[in-house]
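See structure below.
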Amino acid sequence: MPPSADEQLHAIGQTVGGLEQLCNELEVALRARDWPRMGVAIADSRRVMHELENAMADTTGLRTAEFDRTIYARLQRVFSVRDEQMKRLSQLHDEVAENLRSLSRWKGYARSIGGSDQTRPPRILNDLR
């Protein structure tokens with residue numbers, strides 16, 4: 001037996017709620033710099049977004065204008081939060097890239113004044129003496 005119109009519309013609301021929850025999950029992962037957790041949340045977001053697109057297409061004739069406005073407002077909040085998260089992630093990426101470039105310059109400078117690493121005995125040999 002196919003789900004009723006009310007059940008389908010309720011499922012859309014639940015799916016949007018899932019996207020909202022995933023925004024919170026992404027925020028926690030971003031603040032903790034927990035990249036594996038962030039990757040999982042982003043993948044889940046893509047899956048849930050696809051699910052929402054399908055549900056919206058399946059209920060084209062069943063939705064009211066008021067329902068669409070409500071869902072649209074919730075999605076706008078989700079997308080504005082996600083946009084802010086992506087901006088911060090991009091800034092973090094740029095900072096890490098600059099730190100790596102700086103580290104590389106310092107290592108090059110240190111090699112130029114300190115000789116080749118190959119002329120020194122391996123550190124483990126120093127520890128054994």
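None of the figures in this text is laboratory data; all of them are computed from the coordinates on show. All values derive from a computational prediction rather than experimental measurement. All Cβ positions, glycine included, derive from the backbone under ideal geometry; neighbour counts span all protein chains shown.
Being under 23 Å from D83 (Cβ atoms) and surrounded by 17 or more Cβ atoms within 10 Å (Cβ to Cβ) is not true of V28.
Would a scan of the range 37-50 turn up a residue that is surrounded by 11 or more Cβ atoms within 10 Å (Cβ to Cβ), part of a helix (DSSP H, G or I), small (G, A, S) and touching a residue at least 24 places away in the same chain (Cβ under 8 Å)? Checking the range 37-50: at least one residue is surrounded by 11 or more Cβ atoms within 10 Å (Cβ to Cβ), part of a helix (DSSP H, G or I), small (G, A, S) and touching a residue at least 24 places away in the same chain (Cβ under 8 Å).
Taking the range 1-27 only, how many residues are part of a helix (DSSP H, G or I) and over 24 Å from A73 (Cβ atoms)?
Here the count works out to 0.
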